[in-house]
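Chemist: One structure, as C-alpha cells, below. Some questions next.
The values are calculated or read from the model by the stated rules, or taken from the named source; none is laboratory data. Because the structure is predicted, anything quoted here is derived from the model rather than measured. Virtual Cβ from ideal backbone geometry, glycine too; neighbours counted across all protein chains shown.
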Amino acid sequence: MTLCLIRHGLTRLGEEKRYQGALDEGLSDHGRAGLKRAEPTPEHVYVSPMLRARETAAILFPASRQIVIPDLREMDFGAFEGRGWWEMEHDAAYRAWVDGGCAGRCPGGEDRAEYTARVCAALEALLQKGEDPLVIVAHGGTQMAALERWGEPRREYWQGQRPCGCGWALDWDGQRLHVLREVDFRR
C-alpha cells in the first residue's frame with residue numbers, strides 16, 4: 001500500500017528558525033501562498049491536530065475530509081519552544097540536550113524516544129487499516145520517526161525530514177516503508 005507522508009507548510013516560527021513543537025501556530029502568509037493543491041484528491045486525509053497541519057491539508061486537499069489523529073502532534077520541546085538556538089546557546093539545559101544528540105527530555109517537554117513511540121504507535125494503527133493510498137499531513141518529526149523506525153533504505157533520525165510542504169511517497173509492505181519518491185507541494 002502507498003503512504004504519502006507530508007510535512008505541513010511554513011509558519012512564522014519556522015521562518016524565524018525557532019522551535020515550534022506544541023505551540024499551535026497556523027501557517028504564515030508566505031506558507032499559505034507557497035503551497036499548491038495536490039492531485040488526485042483522496043476521500044479523507046489524516047492530520048495532526050496542530051493548526052499548521054490542518055491548514056496545510058485544507059490547501060492541498062480542499063475536498064477531502066480531515067480526520068484528526070491526536071498522537072500525530074509534533075514533539076513537545078517544552079522550555080525551548082518559541083526560542084531560537086542563538087537565544088539558548090549559553091543555556092545549560094539546552095546545551096545538555098544538544099550535546100546529547102537532542103535525544104533527551106526537553107525541560108517541561110518530551111524526549112525523542114517518547115515522541116517516536118507515540119507517533120509510531122499512531123502511524124502503525126493507521127497502517128494496519130490497510131487504506132490505499134494513506135495520506136497523512138503532520139510534521140517533520142513524524143517523517144523522521146517513521147523513516148528511522150521502518151524506512152528502507154535505513155535512515156538515521158535526522159535524515160527523514162523533508163522541507164515544509166514536502167514529503168515522501170512510501171510503499172508499506174507490512175513491515176517496512178520503502179521510499180518510492182519525494183513529493184513536493186510547494187509552488
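Chemist: Can E43 be described as without any contact (Cβ under 8 Å) to a residue 60 or more places away in the chain, farther than 24 Å from A125 by Cβ and either acidic (D, E) or surrounded by 21 or more Cβ atoms within 10 Å (Cβ to Cβ) (or both)?
Modeler: no
Chemist: Which of the residues that make up region 84-120 are within 13 Å of E148 (Cβ to Cβ) and small (G, A, S)?
Modeler: G101, A103, A113, A117
Chemist: Next up: Checking the condition buried (at least 19 other Cβ atoms within 10 Å of the Cβ), closer than 30 Å to P42 by Cβ and of a type in the set (D, E), which residue from E131, E152, E74 passes?
Modeler: E74
Chemist: Hey, another quick one. Output the residue which, of all residues in region 137-149 that are in contact with a strand residue (DSSP E or B) (Cβ under 7 Å, 6 or more places away or on another chain), hydrophobic (A, V, I, L, M, F, W, C) and assigned to a helix (DSSP H, G or I), is surrounded by the fewest Cβ atoms within 10 Å (Cβ to Cβ).
Modeler: Across region 137-149, the extreme among qualifying residues is L147.
Chemist: Report, by residue number, each residue of region 79-114 that is assigned to a helix (DSSP H, G or I), under 20 Å from Q161 (Cβ atoms), free of Cβ contacts under 8 Å to residues at least 40 places away in the same chain and not aromatic (F, W, Y).
Modeler: Within region 79-114, V98, A113, E114 qualify.
Chemist: Ok, one more. Please go through region 163-173 and pick out each residue that is of a type outside the set (A, V, I, L, M, F, W, C) and either surrounded by 13 or more Cβ atoms within 10 Å (Cβ to Cβ) or at pLDDT below 95 (or both).
Modeler: Scanning region 163-173 gives P163, G165, G167, D171.
Chemist: Moving on to the next point. Among the residues of region 1-39, which ones are among the polar types (S, T, N, Q) and closer than 16 Å to G167 by Cα?
Modeler: T2
Chemist: Please pick out the residue among G9, G34 that is small (G, A, S), crowded, with 17+ Cβ neighbours inside 10 Å, modelled with pLDDT of 95 or more and under 12 Å from the mean Cα position of the chain (by Cα). Give the derivation first.
Modeler: Details: G34 fails: under 12 Å from the mean Cα position of the chain (by Cα).
Residue meeting the stated conditions: G9.
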